Amino acid sequence: MPIRWYGPADPEDPTYRHFNRIVNLVLHAMVFAAVNSGLWFVQGMRQPWSHLAWFSEAWGALVLIQLISVVARRPKASS
């Protein structure tokens, strides 16, 4: 079942902003996985690219930093 936002889109709502950050993180991780796996596949088929490991690690670190940022900025639970 896909994630959906029910209700009006209010950019001032902390829950809506957190939802937006989660969606952006998921999209970033999906693009990372698709591009990275494609590059490694092409490298296996053709001449090796010596800097691919560095590229993958750097991009993976950016995804990890974004994940930490999303978790750290989540809104407080209301009672």
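Within region 51-66, being surrounded by 14 or more Cβ atoms within 10 Å (Cβ to Cβ) and over 13 Å from residue 33 (Cα atoms) holds for 52, 66. Look at (1) outside any helix (DSSP H, G or I); (2) more than 19 Å from the chain's Cα centre (by Cα); (3) surrounded by 10 or more Cβ atoms within 10 Å (Cβ to Cβ) and you find that residue 41 fails only one, number (1). Looking across region 47-68 at every residue that is more than 16 Å from residue 26 (Cα to Cα) and of a type in the set (Gly, Ala, Ser), the one that is farthest from the chain's Cα centre (by Cα) is identified as 50.
Listed by first and then second residue, the pairs with beta-carbon distance under 9 Å, at least 6 apart or on different chains, first residue in region 1-28 and within 22 Å of residue 64 (Cα to Cα) and at pLDDT 85 or above, second surrounded by 10 or more Cβ atoms within 10 Å (Cβ to Cβ) and among the β-branched types (Val, Ile, Thr), are 18/70; 21/70; 22/70; 24/70; 25/63; 25/70; 28/63.
Tell me, yes or no, whether region 69-78 has at least one residue that is loosely packed, with under 14 Cβ neighbours inside 10 Å, under 14 Å from the mean Cα position of the chain (by Cα) and in contact (Cβ under 8 Å) with a residue 12 or more places away in the chain. Scanning region 69-78 turns up at least one residue that is loosely packed, with under 14 Cβ neighbours inside 10 Å, under 14 Å from the mean Cα position of the chain (by Cα) and in contact (Cβ under 8 Å) with a residue 12 or more places away in the chain.
The values are calculated or read from the model by the stated rules, or taken from the named source; none is laboratory data. Worth saying up front: this structure is predicted, and the values here are computed from it rather than measured. All Cβ positions, even for glycine, are placed from backbone atoms using ideal geometry, and neighbour counts span all protein chains on display.
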